[in-house]
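Since the structure comes first, as structure tokens, the remarks are kept for the end.
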Amino acid sequence: MKTVQRKICLLGDFSVGKTSLVRQFVEGRFDDRYLSTIGVKISRRQISRPDYLLNLLIWDLAGGDDYDDVTSGYLRGAAGILMVCDLTRPLTLHTLRKYRKQLDEIKLDPVVVIAANKVDLVAERAVDDSLLEELSQQINAPYLLSSAKTGEGVAAAFDQIAGLLEKKKS
Amino acid sequence: MSDPVFDQEPNRPPSPSDDAALWADLQSLLLAQERARVHELEELVESLQEEIDHLQKQLGVQRELVVPTVTNSLSRIANDAVEQDRRGMAGALGPIIGEATRIQIRDSKDEMVEALYPIIGDSVVRAVTERFREFQRQIDARIRPRGGVLDNVALRLRGVNPSDVALRDALPFEITQLFLIQHDTGFVLEHFALDSSQAADSDLISGMLTAIRSFMEDSFDPTHESDEDLDSIYHGDANVILQSGSVVYAAAVVNGTEPAGFRAALRGLLTDLNLEYRDDFEAYDGDPETLPPLEHHLETWVEEIEAGLSEKSPSTDSSKKVLTRLAVALMVILVLLCGFMSWFVWRLMPTALGLTEPPPTVVATVVVTATPTATLPPTATITPSVTPSPTPTVTPSATPTTTPTATRTPTVTPQPTGSPFSRINGPVWSRVVPDLDEPPWIALIEGTEVDVLIVQGEWTQIRWNDPIVGEVEGWVPNGWVDLSPSDTIGSDADS
Ligand SMILES: Nc1nc2c(ncn2[C@@H]2O[C@H](COP(=O)(O)OP(=O)(O)OP(=O)(O)O)[C@@H](O)[C@H]2O)c(=O)[nH]1
Ligand SMILES: [Mg+2]
């Protein structure tokens, strides 16, 4: 069976849980501590698709409400982007709208999926589904609810990117 | 201390018997306390002596048990003291430690060396590595480009001692990994590792290298004006040497000091690969079906480089060898000198004789009768015999050469040449014959002025002036020379 490689980047505001999602997906664990990512960290995980193996090279970028030249340099060659927002902080949804605009400006057209993260924090949730629907339509990307803590929706997010990549290629 | 009772004069002289008894009573009355105290103290001394004896005995028997306890306490005390008065402690201990160290070194040198090696050894290794790197840079800056028989002469002319170069070439060097990486994605297109276990993480390493390059580029050259790239990353003795191509870049992880010309060779490798696979490299999207068939290209290259190094390493040049080289070098200089003289005379000749350029679309054989005296007769006869050029689109210019001997009739053989001073548009290896399978010969840098001699299929034959070897001819793939359309002979050179 052949192995295909793809570069996937994670984008989103500070502390929305990008690193935690990657950690959960790659190492299967969660850490309560917050260590803000500086620059970029690259991890890898192979997943099985119906007729091939997919080697995902995952670029976890430093978070922010905007991105600069350096970030756009890291995005070059990305086939897919997982945009992450935090269900307890409505402003982090707005950040994703900015990112979408900037992606269009630098003429990148990767596959995009939104992970609305920290769904386990039920009591603190401040974003309802209708806001997510709206965001999804605005930036033209499907969304799913995830929790880096419980693992809910984590593998599904990457699977969805893989599926969209296949669809795009065919 | 004086006691008032004893110092006083008695009022009447006492009888001797009275005196003794009284004296004894008085003494026991007055000194009872002191006596008891003395006795107590004597007992204390005795018991302390016993204790000391006991401790001394213990110290002898259980030295190893006592030492840690004492050491701990001492170091605690020392720590406290240092914290309270750092300067004072330093002042107080400095001379003692200095003296102790001196004595220790004198008395047990080997032990000291062993104890200090882990601390000092690393620093020394680092310093030496750094020194050698500096040495390598200095030498390289003065000897590049190299190649050819004139090495030693050229080096001397540039003030470089050939033995320094020999030493520089003999420094240990090893390529442990070599990556061929796609620029944007950081995907590994091919990877070579001396130790195959290193292959597992090659994609993560190449990803991080790509991120670092990208970071450096976007941070220090955000407008992408300069074509400078990150070209090496140092980590202790290991070193990553990066060489950038248009779509892919190469990263060599090496140990030790890179040999002269290593970067040029790496660039040559990239040039070759680019020439053959550029489109495939660009099209590669992570799907192995789009990966060009590189077939251990890197491994072969590493083997070639290493074979070249072992041939070259520790110079055992006998004086005979050196002499032969010198002789060859001298001969080449003589030939060059003659060439220059003829050129000089040739350049003066037309002016002196009032010659005009021959018609542009013919190959001309010009027979010139000339005398070498400074005053040339104005009646020199020129007999041009015209032969049609085999390649009629070229614009040849007559290049007559004359010999300065008076009695000879110089024959001038012109060659079809393109317009002078075309330029190389990027770093490229020249080859002796127009064949990619032939080993690279001399590296040409961007902007080198060349004469285009002929274009044959995918290849252009050029002539240029190499700073060391002098005027040479060689072949480069078409795209590397900026050709104006009139230079082209039966080929669609893409420039
Ligand atoms: N309860 C809960 N906490 C989470 C979840 N995901 C992340 N966190 C916590 O949120 C904090 C930030 O997580 P990170 O993964 O470091 O966030 P980040 O997006 O990588 O942050 P930057 O690197 O600064 O951009 C950490 O304390 C995590 O433990 C989640 O799904 N649920
Ligand atoms: Mg992070």
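In table form, for the structure just shown:
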read-out	value
Answer residue from the range B:178-202, given it is at the interface with another protein chain (Cβ under 8 Å from one of its Cβ atoms) and open to solvent by 20 Å² or more (accessible area, probe 1.4 Å) and is farthest from B:Asn274 (Cα to Cα) among those	B:Asp184
Among residues of the range B:213-224, those that are facing another protein chain (nearest Cβ under 9 Å) and open to solvent by 20 Å² or more (accessible area, probe 1.4 Å), counted	4
Filtered residues of the range B:286-308 (kept if touching a residue at least 40 places away in the same chain (Cβ under 8 Å) and within 14 Å of another protein chain (Cβ to nearest Cβ))	B:Gly286, B:Leu291
Test: A:Gly63 is more than 13 Å from ligand 2 (Cβ to nearest atom), open to solvent by 10 Å² or more (accessible area, probe 1.4 Å) and in contact (Cβ under 8 Å) with a residue 24 or more places away in the chain	no
Among residues of the range A:1-19, those that are part of a loop (DSSP other than H, G, I, E, B), out of contact with any Lys or Arg (no Cβ under 9 Å at 6 or more places or on another chain) and within 7 Å of ligand 1 (Cβ to nearest atom), counted	1
In the range A:20-39, the residues that are closer than 18 Å to A:Ile161 by Cβ and within 12 Å of ligand 1 (Cβ to nearest atom)	A:Ser20, A:Leu21, A:Val22, A:Arg23, A:Gln24, A:Phe25
Residues (among the hydroxyl-bearing types (Ser, Thr, Tyr) and more than 9 Å from chain B (Cβ to nearest Cβ)) located in the range A:61-76	A:Tyr67
Within the range A:31-60, tally of residues that are away from ligand 2 (no atom under 16 Å from the Cβ), more than 15 Å from B:Asp203 (Cβ to Cβ) and either open to solvent by 60 Å² or more (accessible area, probe 1.4 Å) or within 11 Å of another protein chain (Cβ to nearest Cβ) (or both)	4
Among the residues listed as B:Glu276, B:Glu304, B:Glu311, B:Glu289, the single one being out of contact with any strand residue (DSSP E or B) (no Cβ under 8 Å at 6 or more places or on another chain), modelled with pLDDT under 80, charged (D, E, K, R) and in a helix (DSSP H, G or I)	B:Glu311
Residue that is nearest to A:Met1 (Cα to Cα), among those in the range A:22-41 that are among the β-branched types (Val, Ile, Thr) and either in contact with a Cys (Cβ under 9 Å, 6 or more places away or on another chain) or at pLDDT 95 or above (or both)	A:Val26
Leading residue by the ranking (most open to solvent (accessible area, probe 1.4 Å)) among those in the range A:8-30 that are β-branched (Val, Ile, Thr) and more than 12 Å from ligand 2 (Cβ to nearest atom)	A:Val26
Residue check, A:Ile114 within 14 Å of another protein chain (Cβ to nearest Cβ) and not basic (Lys, Arg)	no
Number of the condition not met by B:Leu230 [criteria: (1) of a type outside the set (Asp, Glu); (2) open to solvent by 20 Å² or more (accessible area, probe 1.4 Å); (3) away from chain A (no Cβ under 11 Å); (4) not in a loop (DSSP other than H, G, I, E, B)]	(4)
Filter result for the condition that a residue is open to solvent by 10 Å² or more (accessible area, probe 1.4 Å), more than 16 Å from ligand 2 (Cβ to nearest atom) and touching a His at 6+ places or on another chain (Cβ under 9 Å), over A:Arg76, A:Arg125, A:Arg97	A:Arg76
Test for A:Lys118: is it out of contact with any Phe, Trp or Tyr (no Cβ under 9 Å at 6 or more places or on another chain) and either free of Cβ contacts under 8 Å to residues at least 12 places away in the same chain or away from ligand 1 (no atom under 12 Å from the Cβ) (or both)	no
Per-region count, the range A:56-73, residues under 15 Å from A:Lys98 (Cβ atoms) and either away from ligand 1 (no atom under 12 Å from the Cβ) or in a helix (DSSP H, G or I) (or both)	4
Any hit, the range A:83-100, residues being within 14 Å of chain B (Cβ to nearest Cβ), away from ligand 1 (no atom under 11 Å from the Cβ) and over 15 Å from the mean Cα position of the chain (by Cα)	no
Contacts under 6 angstrom Cβ, first residue in the range A:15-29 being farther than 14 Å from A:Leu144 by Cβ and within 14 Å of another protein chain (Cβ to nearest Cβ), partner more than 13 Å from ligand 2 (Cβ to nearest atom) and open to solvent by 40 Å² or more (accessible area, probe 1.4 Å), 6 or more apart	A:Val26/A:Arg45
Residue in the range A:139-161 that is in contact (Cβ under 8 Å) with a residue 40 or more places away in the chain, of a type outside the set (Ser, Thr, Tyr), in contact with a Lys or Arg (Cβ under 6 Å, 6 or more places away or on another chain) and not in a strand (DSSP E or B) present	yes
Options B:Ala265, B:Ala260; residue that is open to solvent by less than 30 Å² (accessible area, probe 1.4 Å), away from chain A (no Cβ under 14 Å), at pLDDT 85 or above and farther than 24 Å from B:Met208 by Cα	B:Ala265
Qualifying residue in the range B:461-472 (condition: more than 24 Å from B:Leu334 (Cα to Cα) and touching a residue at least 24 places away in the same chain (Cβ under 8 Å))	yes
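The values are calculated or read from the model by the stated rules, or taken from the named source; none is laboratory data. Quantities reported herein were computed from a predicted structural model and do not represent experimental measurements. No Cβ is skipped: glycine too gets one built from the backbone with ideal geometry, and neighbour counts run over all protein chains shown. Surface accessibility is based on the protein's heavy atoms, side chains included, excluding ligands, DNA and RNA. Shrake-Rupley method; radii C 1.70, N 1.55, O 1.52, S 1.80 Å.
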